[in-house]
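S.K.: Sharing a structure here in structure tokens format.
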Amino acid sequence: MDRNNPAKAVKAAVETAAEKVTDVLTPDVPGAPGSAPPTVDEPTTPHDPLPPKKEQGTPETRTPTGAETGVPPTAKGQQGAYLTTSQGARLRDTDHSLKAGPRGPILLQDHHFREKITHFDHERIPERVVHARGTGAHGVFTGYGTAETLTRAGFLKKGRETQVFVRFSTVLGSRGSADTVRDTRGFATKFYTDEGTFDLVANNMPVFFIQDAIKFPDIIHAGKPHPDREIPQAQSAHDTFWDFVSLHTEAQHHTMWNMSDRGIPRSYRTMEGFGVHTFRLVNDAGETVLVKFHWKPKLGVHSLVWEEAQLINGVDPDFHRRDLYDAIEAGAYPEWELGIQVFPDTPEETFAGIDLLDPTKIVPEELAPVQPIGRLVLNRTPTNFFAETEQVAFHVGHLPPGIDVTNDPLLQGRLFSYVDTQLTRLGGPNFSQIPVNRPHAPVNDMLRDGFHQHAVHAGVAPYRPNSLDGGNPFPAGDRENAFVDVPVTVAEAPKVRAAPASFDDHYSQVRLFWLSMSPVEREHIIRAYTFELGKCYRQEIRERQLRCLANIDPVLCAQVAAGLGLPAPEPTVPLADVQPSPALSQLGREWPADGRMVGIVVDPDGDLEDVAQVRMAVFSAGMVPLLIGPHGGAVRGTPVQRSFATARSVEFDAILLAGAPAPAPDALPARDAKAGAAGSETVDPRVLLLVEEAWRHAKAIGAWGAGAEVLRQAGVAGTPGVVSGDSGGDVLADVQSLMAAHRVWQRFPASVG
């Protein structure tokens with residue numbers, strides 16, 4: 001595809017499409033539940049388990065001590081054609097308990113019943129206290145070699161490929177919460193390097209709510225549902241959260257990021273990641289630098305609009321999870337570049353007056369550009385969600401030679417907390433032996449026994465020094481690339497519970513973020529603060545948070561105060577004089593449309609041959625088309641993936657109208673509430689609702705032929721981002737050009753500068 005001229009590429013794809021598409025099911029639309037189609041009747045012929053789907057992968061088949069086994073990944077899955085007990089004894093029946101007669105009580109000797117029920121009773125492990133709602137994928141990281149002078153870490157060498165597992169997550173919600181809530185997201189990457197595992201435990205925001213790990217229980221207790229009612233779930237729009245952040249003002253910077261569009265990402269594929277903390281790199285010569293890690297998505301940083309997020313939470317609570325898996329299945333592999341900001345390792349550990357150990361501060365990219373050091377591609381989905389995504393265990397202390405920590409007080413506390421958490425969640429100290437956690441480097445750790453010990457250790461002397469095992473294992477030195485604890489000088493000082501004075505500035509960087517936003521993004525921030533504070537019961541908390549906003553920006557404070565019906569207070573500290581950072585804004589650039597979802601409304605009385613050509617052109621452009629018809633199945637032999645009853649605008653990035661379908665037989669308000677939308681006798685009201693919602697959410701809309709009548713009846717014809725034409729190919733080309741900016745914000749001029 002011609003990235004420099006996407007419109008030209010799409011037109012070319014249309015022109016070269018076959019005059020008649022005979023099989024509109026190829027290529028496949030992602031989302032098939034299994035690797036083979038099911039039969040209508042129950043299968044009765046025994047056969048071995050079906051293979052995984054083509055996009056699925058599993059952790060490599062390593063021993064508990066890191067050695068390759070040489071067996072295929074499917075060897076870890078179920079084996080054989082017949083149902084068995086966990087010990088391999090074949091079973092003739094799993095539908096009936098062993099009873100004393102058909103109507104009698106169940107017998108204690110029914111070992112199959114007891115095994116099956118006991119295992120079921122223990123299927124769930126404690127969910128994570130934070131980041132419980134997550135999803136993951138396998139992939140590969142390739143080093144660029146650009147960091148070789150800064151660190152001895154081998155996985156960053158040029159061309160070196162390293163297998164990875166990435167887990168994305170929300171922070172506040174339970175495992176059963178929705179994906180598109182306003183929240184911080186986790187972006188944790190496990191690098192299986194040949195020098196030991198490296199866990200880069202990142203977030204989609206570069207700052208944290210707190211400066212010291214001892215406050216972590218406080219912010220999480222404040223953000224979680226109220227302990228008396230266990231509501232609200234997976235959100236911060238409640239009294240305890242705003243009570244805490246308005247009093248503990250170091251949280252204001254992260255709160256501003258959360259109230260921005262960053263709090264509701266469009267997709268995990270369009271989400272930045274940040275290591276938050278400052279780390280130390282050491283090279284072969286022992287030289288050190290300080291760095292911050294950044295993940296930059298290939299598709300750009302894009303977000304949902306607030307109404308869209310609310311609709312998705314009801315229509316498809318698994319929206320982000322489904323989007324990630326469908327993209328991988330469709331071959332639109334999510335991709336990021338790993339980059340670093342580099343700073344001199346000075347005793348002060350500051351840069352441009354910014355304390356690098358303060359996790360509530362950023363260093364603007366204009367002051368320290370992000371230098372790309374490698375590329376991440378996610379290309380396989382989990383074969384088993386529990387075994388991989390739920391049992392993966394990250395830890396900021398999992399570091400390879402060449403990367404070390406700093407004295408960031410939040411990072412220091414996390415070094416303890418992560419191991420402590422895994423002991424409870426995963427049942428003991430051997431969590432590193434779970435397949436998804438197994439290192440890809442040789443392990444000889446002298447750790448023994450404990451719950452769930454999978455290794456069968458030989459030898460009699462798990463201690464050092466020893467002679468009975470021939471002295472094994474031996475210490476490694478520099479020649480053997482041993483891990484280096486950088487010998488940083490610790491200043492002589494009294495033991496105190498305190499923070500440095502440089503941690504006291506809680507407002508200047510929040511103001512920097514606000515001033516760096518475009519007018520559109522500022523409107524969204526104002527709306528978020530107004531909504532969240534409006535959900536608080538106590539007016540005192542609203543007034544207190546307005547005082548914080550007054551110290552950030554008078555326009556922001558006045559607009560939010562007006563929405564709450566309260567007076568805007570005066571600032572209590574001088575407003576900081578800061579230079580905006582354009583890199584913080586999500587808008588103003590163009591990005592590839594790979595993996596975007598395009599909804600195509602078809603009319604049973606329209607030109608379906610033209611629809612087939614447009615559909616293939618959408619595939620050729622790297623996007624996924626979904627045909628929307630008046631009913632499921634097929635329309636005049638053309639298979640559709642959504643019906644007017646099942647489709648909702650929020651699952652599409654753009655809408656194409658190939659006709660003006662009349663109301664379908666089920667367009668009855670008593671059967672489908674969407675059919676109660678304002679409509680006409682000539683167009684199905686659900687199609688009009690689809691167009692109206694997409695328009696409100698600033699999405700591109702296109703129509704050709706009779707489809708232009710839908711634009712007219714919806715009242716959106718001729719507005720920004722709404723195009724019409726004589727052919728589907730021309731309209732698609734124009735729509736794709738609009739999609740490069742993600743949204744058509746010109747449709748809604750901002751009221752703030």
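The values are calculated or read from the model by the stated rules, or taken from the named source; none is laboratory data. These numbers come from a predicted model, not from an experiment. In this analysis, Cβ positions are derived from the backbone assuming ideal geometry, glycine residues included, and neighbour counts consider all displayed protein chains. The area values use the complete protein model at the heavy-atom level, side chains included, leaving out ligands, DNA and RNA. Shrake-Rupley method; radii C 1.70, N 1.55, O 1.52, S 1.80 Å.
A quick yes/no check of all residues on (1) within 20 Å of Phe279 (Cα to Cα); (2) open to solvent by 10 Å² or more (accessible area, probe 1.4 Å):
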site	(1), (2)
Val140	no, yes
Ala153	yes, no
Lys157	yes, yes
Val171	no, yes
Asp179	no, no
Phe198	yes, no
Val201	yes, yes
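S.K.: Separate question: Which condition does Thr350 not pass, out of (1) in contact (Cβ under 8 Å) with a residue 60 or more places away in the chain; (2) crowded, with 20+ Cβ neighbours inside 10 Å, if it passes all the others?
M.R.: Only one criterion in (1) in contact (Cβ under 8 Å) with a residue 60 or more places away in the chain; (2) crowded, with 20+ Cβ neighbours inside 10 Å is unmet by Thr350, namely (2).
S.K.: With respect to Arg438, determine if the residue is of a type in the set (Lys, Arg) and more than 21 Å from Lys296 (Cα to Cα).
M.R.: Details: of a type in the set (Lys, Arg): yes; more than 21 Å from Lys296 (Cα to Cα): yes.
In short, yes.
S.K.: Also: I'd like to check something: does segment 660-676 contain any residue that is buried (at least 19 other Cβ atoms within 10 Å of the Cβ), modelled with pLDDT under 95 and within 33 Å of the chain's Cα centre (by Cα)?
M.R.: Checked segment 660-676: at least one residue is buried (at least 19 other Cβ atoms within 10 Å of the Cβ), modelled with pLDDT under 95 and within 33 Å of the chain's Cα centre (by Cα).
S.K.: With Arg133, Arg167 as the choices, which residue is within 19 Å of Leu376 (Cα to Cα), under 16 Å from the mean Cα position of the chain (by Cα), of a type in the set (Lys, Arg) and open to solvent by less than 60 Å² (accessible area, probe 1.4 Å)?
M.R.: Values: Arg133 fails: within 19 Å of Leu376 (Cα to Cα).
Sole residue among the options that is within 19 Å of Leu376 (Cα to Cα), under 16 Å from the mean Cα position of the chain (by Cα), of a type in the set (Lys, Arg) and open to solvent by less than 60 Å² (accessible area, probe 1.4 Å): Arg167.
S.K.: Out of segment 396-424, which residues are open to solvent by less than 20 Å² (accessible area, probe 1.4 Å) and either farther than 27 Å from Glu60 by Cα or touching a Phe, Trp or Tyr at 6+ places or on another chain (Cβ under 8 Å) (or both)? Even if it seems obvious, please write down each step before you answer.
M.R.: Initially, segment 396-424 is screened for residues open to solvent by less than 20 Å² (accessible area, probe 1.4 Å), giving 396, 400-404, 406, 408, 410-411, 422.
Hits for segment 396-424 are Val396, Pro400, Pro401, Ile403, Asp404, Thr406, Asp408, Leu410, Leu411, Gln422.
S.K.: Further, regarding this structure: For residues that are touching a residue at least 60 places away in the same chain (Cβ under 8 Å) and either open to solvent by less than 20 Å² (accessible area, probe 1.4 Å) or not in a strand (DSSP E or B) (or both), tally how many sit in segment 334-347.
M.R.: Residues in segment 334-347 being touching a residue at least 60 places away in the same chain (Cβ under 8 Å) and either open to solvent by less than 20 Å² (accessible area, probe 1.4 Å) or not in a strand (DSSP E or B) (or both): 7 in total.
S.K.: Run Thr151 past the list (1) hydroxyl-bearing (Ser, Thr, Tyr); (2) in contact with a helix residue (DSSP H, G or I) (Cβ under 6 Å, 6 or more places away or on another chain); (3) within 15 Å of Leu338 (Cα to Cα) and report the number of the one that doesn't hold.
M.R.: (2)
Residues are listed down the side, and each one gets a yes or a no for (1) touching a Ser or Thr at 6+ places or on another chain (Cβ under 6 Å); (2) free of Cβ contacts under 8 Å to residues at least 40 places away in the same chain:
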| residue | (1), (2) |
| --- | --- |
| Ala576 | yes, no |
| Pro580 | yes, no |
| Ala593 | no, no |
| Gly599 | no, no |
| Ala634 | no, yes |
| Val640 | no, yes |
| Ala670 | no, yes |
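S.K.: Exactly one of these conditions fails for Phe120: (1) surrounded by 15 or more Cβ atoms within 10 Å (Cβ to Cβ); (2) over 26 Å from the mean Cα position of the chain (by Cα). Give me its number.
M.R.: (1)
S.K.: Please indicate, with yes or no, whether at least one residue in segment 636-657 is part of a loop (DSSP other than H, G, I, E, B), open to solvent by 50 Å² or more (accessible area, probe 1.4 Å), on the phi > 0 side of the Ramachandran plot and not polar (S, T, N, Q).
M.R.: Within segment 636-657 (the criterion being part of a loop (DSSP other than H, G, I, E, B), open to solvent by 50 Å² or more (accessible area, probe 1.4 Å), on the phi > 0 side of the Ramachandran plot and not polar (S, T, N, Q)), the answer is yes, since at least one residue qualifies.
S.K.: Something else about it: Restricting the search to segment 63-84, which residues are among the basic types (Lys, Arg) and in contact with a strand residue (DSSP E or B) (Cβ under 6 Å, 6 or more places away or on another chain)? Working first, answer last.
M.R.: Initially, segment 63-84 is screened for residues among the basic types (Lys, Arg), giving 76.
Matches in segment 63-84: none.
S.K.: Going through segment 248-291 one residue at a time, which ones are in a helix (DSSP H, G or I) and of a type in the set (Lys, Arg)?
M.R.: Our first condition is that a residue be in a helix (DSSP H, G or I); within segment 248-291, this holds for 249-259, 261-263, 268-270.
Result: Arg262, Arg269.
S.K.: Within segment 387-412, track down each residue that is touching a Leu at 6+ places or on another chain (Cβ under 9 Å) and of a type in the set (Val, Ile, Thr).
M.R.: Across segment 387-412, the qualifying residues are Val396, Ile403, Val405, Thr406.
S.K.: Something else about it: Of these, Thr94, Thr74, Thr118, which one is in a loop (DSSP other than H, G, I, E, B), without any contact (Cβ under 8 Å) to a residue 40 or more places away in the chain and either of a type outside the set (D, E, K, R) or closer than 30 Å to Thr389 by Cβ (or both)?
M.R.: Numbers: Thr74 fails: in a loop (DSSP other than H, G, I, E, B); Thr118 fails: in a loop (DSSP other than H, G, I, E, B).
Exactly one residue qualifies, and that residue is Thr94.
S.K.: I want to confirm something. Restricting to segment 677-702 and keeping residues that are closer than 25 Å to Pro265 by Cβ and of a type in the set (Lys, Arg), which single residue is farthest from the chain's Cα centre (by Cα)?
M.R.: Arg696
S.K.: Identify the residue in segment 546-599 that is charged (D, E, K, R) and open to solvent by less than 30 Å² (accessible area, probe 1.4 Å) and, among all such residues, is nearest to Met205 (Cα to Cα). I'd like the intermediate steps shown before the answer.
M.R.: Just the residues of segment 546-599 that are charged (D, E, K, R), to begin with: 547, 553, 570, 577, 589-590, 594, 596.
Filter once more, keeping what is open to solvent by less than 30 Å² (accessible area, probe 1.4 Å): 553, 594, 596.
Numbers: Asp553: 21, Asp594: 24, Arg596: 24 Å.
Among residues in segment 546-599 that are charged (D, E, K, R) and open to solvent by less than 30 Å² (accessible area, probe 1.4 Å), the one nearest to Met205 (Cα to Cα) is Asp553.
S.K.: While we're here: Answer yes if at least one residue in segment 301-309 is in a strand (DSSP E or B), farther than 25 Å from Pro409 by Cβ, open to solvent by 10 Å² or more (accessible area, probe 1.4 Å) and of a type outside the set (Gly, Ala, Ser), and no otherwise.
M.R.: There is no residue in segment 301-309 that is in a strand (DSSP E or B), farther than 25 Å from Pro409 by Cβ, open to solvent by 10 Å² or more (accessible area, probe 1.4 Å) and of a type outside the set (Gly, Ala, Ser).
S.K.: Out of Val723, Val731, which single residue is farther than 30 Å from Gln559 by Cβ, crowded, with 19+ Cβ neighbours inside 10 Å and touching a residue at least 60 places away in the same chain (Cβ under 8 Å)? Give the derivation first.
M.R.: Values: Val723 fails: touching a residue at least 60 places away in the same chain (Cβ under 8 Å).
Exactly one of Val723, Val731 is farther than 30 Å from Gln559 by Cβ, crowded, with 19+ Cβ neighbours inside 10 Å and touching a residue at least 60 places away in the same chain (Cβ under 8 Å), namely Val731.
S.K.: Another question, if that's okay. Considering each residue of segment 207-237, count those that are outside any helix (DSSP H, G or I), at negative phi, touching an Asp or Glu at 6+ places or on another chain (Cβ under 8 Å) and not hydroxyl-bearing (Ser, Thr, Tyr), and give that number. Lay out the reasoning, then the answer.
M.R.: Our first condition is that a residue be outside any helix (DSSP H, G or I); within segment 207-237, this holds for 207-212, 224-237.
Then drop every residue that is not at negative phi, which leaves 207-212, 224-229, 231-233, 235-237.
Filter again for touching an Asp or Glu at 6+ places or on another chain (Cβ under 8 Å), leaving 209-211, 226, 235-237.
Among the residues that remain, those that are also not hydroxyl-bearing (Ser, Thr, Tyr) are: 209-211, 226, 235, 237.
Final tally of qualifying residues: 6.
S.K.: For residues that are closer than 30 Å to Pro72 by Cβ, aliphatic (A, V, I, L, M) and in a loop (DSSP other than H, G, I, E, B), tally how many sit in segment 411-452.
M.R.: 5
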